[in-house]
């Protein structure tokens, strides 16, 4: 679909100069034909394109797991004031008396009888108060009888071997050599008497253990062991990251940060995330790739793929490019493709998953936060500025689709970014405020904000989270061509389909997105350069045109003939145009 034609528009070469394709300066405010065309198709597909709801919102932890972590952490800390309302909330949310009691029974092995008994006494008071008010709480099932006739030592020894992965005849730890009795107590009492009780699963017990250890502090070696065990028994890295968010909320940031450091160490040792010193793999044409992780200022783990050029020399420092993926995308798609190809041209490149998406942390999942998305670019610059392969004075950014507006916004406040390029840029704020082609009315915008407010109220009151999809759920004759183009990329296994990229995000994210104005001070990027690459037939072209008009020199609007928005993601015939353009641009400005 061509919603606009270049026709006889005035052509003007930019200050940066000519190259493949042609450079366009477009006058603003003359899009009435396009608006009328887009308005019709937009209203037809609005319900499916914007308001499709997921069957069920993703939860990193279920409610039972969250209460287990909260109760264990508060018992470990001895904060009975906070513990009481958590116990009440747990009972109201369906936790049984025996499940909550078991968390405290389990906790005593790690924080001692006094803390566990004080927690149980608090629970007794809660139950008595509720009973006096006519509330009869569900007791739940008790632990099953033990039918294994082996000795407790043998049973505990085998349970420990099962969950830790260590052989039963592994060499004894130094403390066990010094005090053999303690090893007997551990195996007979902790791993037999307690872990055999099937009111909680092994995974739930390990989550409780890590929460207690985080709360009491100063026991990093034990926490490291139990995080490893938790991963062995099926607790996911995301669940452990969520655990420390709960610890931060209930106990404190210092305790949570100490736990996060141990978690990252364990994940790195298991190859689940890596740091700059880890081995790399050759992917293509001599380019090497390694997975890296770094924190943004919100202490969210951002995970990326770092690409090193062929013939990489550790003694050298290289110009470096940060590549941000489209809205709803992940690093394994077009951003990774561009990062790899540009590494072939001699750059160090980094394609990363935005916070709340892909392999990166951030909870709840699939939250679209413009502030955090912008912060991720600066966090990537933080990381790269300290990387031995990177020339910190030669860092540029590339933003694709939604990543384009976030990269431009980041460059306005981060002067370490020396050059900016966008590909098929989408202004996510304007798109959510005004719809495609500015087709939404003021009344529709206000109605959307009213609906978001109602949804927030409902979710705070316990309603399920509502997610929406940025792509059509169903296709029919009224589905516009540009929407089909998106589907042909994101739902096509031969192109961009990836399990971490669903195009869903939280409905309540619409409000902060509508409040995002990425180009309000775009002129302040100057004298650093801006390059906008756009397809001639891209539905999003007007975003780049308007940004170009507002930006100060040096700037360039580079139009790729015949290309649509999504064509520039991966089509070989267009990569032959965009990649040399990017290479020439960054070689000029990162020299």
Sole exception among (1) touching a residue at least 24 places away in the same chain (Cβ under 8 Å); (2) surrounded by fewer than 16 Cβ atoms within 10 Å (Cβ to Cβ) for residue 313, by number:
(1)
Could you identify the single residue in 372, 302, 323 that is buried (at least 24 other Cβ atoms within 10 Å of the Cβ) and modelled with pLDDT of 95 or more?
323
Give the number of residues within segment 423-466 that are within 22 Å of residue 366 (Cβ to Cβ) and out of contact with any strand residue (DSSP E or B) (no Cβ under 7 Å at 6 or more places or on another chain).
26
Taking segment 340-375 only, how many residues are under 19 Å from residue 297 (Cβ atoms) and outside any loop (DSSP other than H, G, I, E, B)?
8
All positions within segment 161-186 that are part of a loop (DSSP other than H, G, I, E, B) and either within 21 Å of residue 206 (Cβ to Cβ) or in the same structural domain as residue 108 (by TED's automatic domain parsing) (or both):
165, 166, 167, 168, 170, 173
Can you pull out the residues in segment 194-223 that are assigned to a helix (DSSP H, G or I) and surrounded by fewer than 17 Cβ atoms within 10 Å (Cβ to Cβ)?
220, 221, 222
Could you list, ordered by first residue, the pairs with Cβ atoms under 7 Å in which the first is in segment 76-96 and farther than 16 Å from residue 212 by Cβ and the second is outside any helix (DSSP H, G or I), at least 6 apart or interchain?
91/137; 96/138; 96/139; 96/140
1 or more residues touching a residue at least 60 places away in the same chain (Cβ under 8 Å), out of contact with any helix residue (DSSP H, G or I) (no Cβ under 9 Å at 6 or more places or on another chain) and surrounded by 13 or more Cβ atoms within 10 Å (Cβ to Cβ): qualifying helices (runs of 4 or more DSSP H) within segment 441-536:
481-490
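The values are calculated or read from the model by the stated rules, or taken from the named source; none is laboratory data. Just so we're clear, the structure is a prediction, and the values are computed from it rather than from any experiment. We place every Cβ from the backbone using ideal geometry, glycine too, and count neighbours over all the protein chains shown.
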